[in-house]
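The values are calculated or read from the model by the stated rules, or taken from the named source; none is laboratory data. None of these values were measured; they are calculated from a predicted model. Quick reminder, even Gly has a Cβ in these numbers, built from the backbone with ideal geometry, and neighbours come from all protein chains shown. In case anyone asks, the SASA skips ligands and DNA or RNA and just uses the protein heavy atoms, side chains included. Shrake-Rupley method; radii C 1.70, N 1.55, O 1.52, S 1.80 Å.
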Amino acid sequence: MRRLLVSFVSNPPHCPHLHYSENRNNFKFLPNPKCPRLYSSYSSKISYTISGRTEIHPTNIGVRLYCSYSSEMLSHPFLRGRETHHSTSIGSYSSKMFSHSYHIFRKDTFHGGSHRQPSSRSNIAMATSITSSTKKIVVVMGATGSGKSKLSIDLATRYFPAEIINSDKIQVSKGLNITTNKIPLSERRGVVHHLLGEYSGPELISPLDFRFNADTRISEITNRGKIPFVVGGSNSFIYALISNRFEPGVDFFDKVHPVQCVLSELRYNCCFVWIDVSRHVLHEYLDKRVDEMMCSGMYEELEKFFVQNGFSGSCTNQRTGLRKAIGVPEMEGYFRKLKFCKTAQEQRKIYEEAVREIKENTWQLAEKQVWKIQRLRESGWDLQRIDATSAFRSAMSPENDEIPARAIWENEVVLPSMKIVKHFLLE
């Protein structure tokens, strides 16, 4: 007997591709092109049991390589194109991003005849011929407010057929669009964005959840002949996605670990574009951005949020999900105190205190993000640094109008980034 272990995720759980028996212990795949696609998945290893001996072959393949529709999956060499029954055991529900996880065990005899399987060696050769490491992705990194979204959209609309995968752990969650600074639909200029405001669970998704789901989106984007752009400031998510061997329980950015502990072996062929802004200029811009967000509806958005959801507990560790976003706990303190204010001066004072806290926490976040980026660079990640300081300084200067700032952004940020990505894609 030969046993092939793969895993897949279905969403919704009662996908017409899956036909269950009454006791839900058995099901079969049936082709149905009209059915919504199955989500791709990830399998950390393939295990064969042949003649009483088990061979473990690490690989990044799973149903992810079998494509989106069961009709295509059934034609895959591993499944031999036959309508088959599988025994299944429902896996854990730890992956919040997916509805359910299953393990599929396929048992086939291979005693000659038309159903004879290829040898184990040929199966593995076929499996490893299409791996994640052959996929080229572009990763746009930088501190919060450094222009990552703007740059990625400029590149995607003018130079490269790309789709963007958000890697900001707060922006993955649905809601509080202004507070979490999600890029508005009008500013996306037709570029498809993934994992942006998609998750509505009570908790933020974990780096492991992001690794699985972003890997699926990368496969889908490359299958469409486009380039995946991974864009966001959560370096822990980027590390979880790209690192070849990711250990969910280990924080490689913890200062107790030496930089040598950060793994430099990557599972994709990556082009890293690090857009950087000098500390003083970025802090000045972040202050301005917070003021603009508060004037653009952030105050009203959070006021409505607390009316609908109430206040959290007094302990910091009781904050979950979107309540961890910068701006939420600071304004919660403001709204708690507001009802006790008797004068407009008192209200103004506690408002200014909350805004000051938001700005300070945003500065701290930016500095942590830059530190993590530098740590990745020191560990061997080939990060191409683009200095956007002049563009930001010009944009904030009252003496300069908008045209010179745009020209500096174009010449010092967009064009150098385009050349880096173009060279990478042509390699």
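Does TRP409 qualify as being open to solvent by less than 60 Å² (accessible area, probe 1.4 Å) and assigned to a helix (DSSP H, G or I)?
yes
When the residues of segment 221-277 are filtered to those that are open to solvent by less than 10 Å² (accessible area, probe 1.4 Å) and assigned to a helix (DSSP H, G or I), which remaining residue is farthest from MET418 (Cα to Cα)?
Among them, the one singled out is ALA240.
Quick test for you: out of TYR351, TYR285, pick the one residue that is closer than 30 Å to VAL139 by Cα and either in contact with a Phe, Trp or Tyr (Cβ under 8 Å, 6 or more places away or on another chain) or of a type in the set (Gly, Ala, Ser) (or both).
Only one candidate qualifies: TYR285.
Go through segment 166-210 and give me each residue that's free of Cβ contacts under 8 Å to residues at least 40 places away in the same chain and among the charged types (D, E, K, R).
Matches in segment 166-210: LYS174, LYS182, GLU187, ARG188, ARG189, GLU198.
Restricted to segment 131-186, and to residues that are part of a helix (DSSP H, G or I), modelled with pLDDT under 95 and in contact with a Lys or Arg (Cβ under 9 Å, 6 or more places away or on another chain), which residue is surrounded by the fewest Cβ atoms within 10 Å (Cβ to Cβ)?
Checking each candidate, the answer is SER133.
Of all the residues that make up segment 331-360, how many are closer than 20 Å to ILE178 by Cβ and either charged (D, E, K, R) or not in a helix (DSSP H, G or I) (or both)?
Going residue by residue through segment 331-360, those that are closer than 20 Å to ILE178 by Cβ are 331-335, 338, 351-352, 354-360.
Among the residues that remain, those that are also either charged (D, E, K, R) or not in a helix (DSSP H, G or I) (or both) are: 332, 352, 356-357, 359-360.
Result for segment 331-360: 6.
Please enumerate the residues belonging to segment 386-399 that are open to solvent by 70 Å² or more (accessible area, probe 1.4 Å) and either touching a Lys or Arg at 6+ places or on another chain (Cβ under 8 Å) or without any contact (Cβ under 8 Å) to a residue 24 or more places away in the chain (or both).
PRO398, GLU399
Name the pairs whose Cβ atoms lie under 9 Å apart, with the first residue in segment 241-255 and free of Cβ contacts under 8 Å to residues at least 40 places away in the same chain and closer than 22 Å to ASN166 by Cβ, the second in a loop (DSSP other than H, G, I, E, B) and open to solvent by 50 Å² or more (accessible area, probe 1.4 Å), and 6 or more positions between them or separate chains?
SER243/SER264; SER243/GLU265; ASP251/HIS257
Scan (1) in a helix (DSSP H, G or I); (2) at pLDDT below 95; (3) open to solvent by 80 Å² or more (accessible area, probe 1.4 Å) for the single condition LEU376 breaks and write down its number.
Among (1) in a helix (DSSP H, G or I); (2) at pLDDT below 95; (3) open to solvent by 80 Å² or more (accessible area, probe 1.4 Å), LEU376 violates only (3).
Would you please list the contacts, defined by Cβ atoms under 6 Å and residues six or more apart or on different chains, that run from a residue in segment 321-342 that is among the charged types (D, E, K, R) to a residue that is open to solvent by 30 Å² or more (accessible area, probe 1.4 Å)?
Pairs found: GLU330/GLU357; GLU332/PHE311.
Are any of the residues in segment 297-312 at pLDDT 95 or above and closer than 30 Å to HIS423 by Cβ?
Within segment 297-312 (the criterion being at pLDDT 95 or above and closer than 30 Å to HIS423 by Cβ), the answer is no, since none of the residues qualifies.
Look at segment 288-311 and say how many of its residues are touching a Phe, Trp or Tyr at 6+ places or on another chain (Cβ under 8 Å) and part of a loop (DSSP other than H, G, I, E, B).
If we filter segment 288-311 for residues that are touching a Phe, Trp or Tyr at 6+ places or on another chain (Cβ under 8 Å), which is where we start, we get 302-303, 306, 311.
Keeping just the survivors that are part of a loop (DSSP other than H, G, I, E, B) gives 311.
Of the residues in that region, 1 qualify.
Report yes if LYS359 is surrounded by 15 or more Cβ atoms within 10 Å (Cβ to Cβ), touching a Phe, Trp or Tyr at 6+ places or on another chain (Cβ under 7 Å) and among the charged types (D, E, K, R), otherwise no.
no
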